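For reference, the structure discussed in these notes is given below.
Only the coordinates and a few stated rules stand behind these numbers; no lab work does. Computed from a prediction, not measured in an experiment: that's the story for all the values here. Reconstructed Cβ throughout: ideal geometry from the backbone, glycine too, with neighbour counts over all protein chains shown.
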């Protein structure tokens with residue numbers, strides 16, 4: 001039963017309204033139909049009996065030659081009457097509550113019919129089977145014959161059903177509108193919650209609507225302000241620390257130049273380079289540099305080819321395969337950093353990097369393959385965690401900041417794409433960067449004041 005319930009609050013409210021209206025609709029129809037049938041049925045039976053009794057008295061006062069013509073003149077669509085010397089209805093009695101009610105009322109109006117002067121039965125011949133046929137004896141022995149459509153359904157039943165159905169439909173439509181109005185503040189609150197931590201600038205939720213919704217929006221705005229203040233304070237503190245660290249690093253680099261032993265000097269400079277790279281990567285990750293770059297049309301093929309050419313010029317085994325031009329609305333500097341991180345990882349751990357660029361439909365894919373030891377299947381997703389290093393499982397002698405893959409995934413997600421890792425069957429790792437053709441509208445630059453360094 002739980003699986004049959006709508007998933008949204010509005011859907012459940014509408015379902016409750018629909019069930020309630022259906023039950024009320026069916027109940028009111030039953031009560032109305034029962035009351036109408038009882039009231040209208042009784043009234044029609046009394047009117048029919050009185051009309052037959054008055055017609056019998058009128059015909060009794062007329063000459064025999066005028067009686068049949070008068071009986072036809074007094075007939076109607078629901079009551080057909082004619083005069084004959086002998087009855088046209090047999091002795092068989094009609095059963096049913098209506099027939100009995102008509103008999104009782106006729107005998108009440110004309111007690112002399114109690115003997116043999118009243119016959120009620122079902123109409124025969126071509127007459128519809130739902131008609132009641134009868135005959136009343138006049139004082140001179142002739143008969144007033146009639147056929148009445150007593151059992152024909154009430155003509156207004158269909159109109160009643162249509163009117164009540166239209167009323168129920170109108171109430172349901174109004175209920176849908178009210179549900180949408182009630183759910184609007186909740187939808188705005190959910191949309192604002194999705195924006196927290198995203199690329200777009202946070203905006204305060206309107207504090208309107210019912211009291212409970214206003215209270216929730218006010219609490220959410222306070223929480224959002226605290227989160228923004230926490231992020232800003234943390235980024236500023238780390239930026240200050242990194243600035244202070246660069247000064248002693250610069251002094252150490254200057255002093256390393258006076259070291260006479262070339263091997264020792266080389267090792268010191270390597271350590272200093274690594275420290276500077278770690279600081280730069282950490283700040284880039286925490287600041288979210290990709291957020292501050294304005295999207296523009298760029299040639300992604302040229303960006304990837306430039307990364308590969310620079311690595312090849314540095315003596316690395318890097319190859320590129322793909323189109324010579326592929327224009328895309330993106331943040332080119334951020335994408336260059338993300339693809340560069342993937343290529344650097346391939347070179348660092350696999351000694352080689354085979355880079356390919358392709359486009360299938362609306363998805364653009366950058367694939368980087370290496371010949372390294374790969375990553376255990378259980379650790380493929382953990383490799384994207386910030387500051388997570390899987391070096392012991394790959395090349396123990398190499399170290400890094402642990403942010404290359406994290407930044408690559410962050411940049412891809414800012415563009416509405418993704419980054420995934422998989423192991424090659426014959427050894428090595430495959431990194432895939434997938435980007436959509438159309439950049440999401442939400443991925444817009446953030447105010448620089450939000451995250452300052």
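Odds and ends about this structure:
- You can think of it this way: the chain between residue 70 and residue 250 has 52.0 nm of extra reach, that is 0.36 nm per residue less the Cα-Cα gap.
- Once both labels are positioned 7 Å from their Cα atoms along Cα-to-Cβ, the gap between residue 381 and residue 233 label points is 3.3 nm.
- Exposure proxy order (Cβ contacts within 10 Å, fewest to most) of 275, 223: 223, 275
- Two-site FRET efficiency, residue 319 against residue 423, from Cβ-Cβ distance with R₀ of 25 Å, rounded to 0.05: 0.80
- Additional length obtainable on full extension of the chain from residue 263 to residue 195, 0.36 nm per residue less Cα span: 19.3 nm
- Each peptide among 294-304, 337-347, 67-77 gets the average number of other Cβ atoms lying within 10 Å of its residues, and from highest to lowest they stand as 337-347, 294-304, 67-77.
- Packing around the peptides 235-246, 251-262, 138-149, taken as the average count of other Cβ atoms within 10 Å per residue, puts them in this order, highest first: 138-149, 235-246, 251-262.
- Look at 263, 45, 188 and count the other Cβ atoms within 10 Å of each Cβ; fewest to most, that gives 263, 188, 45.
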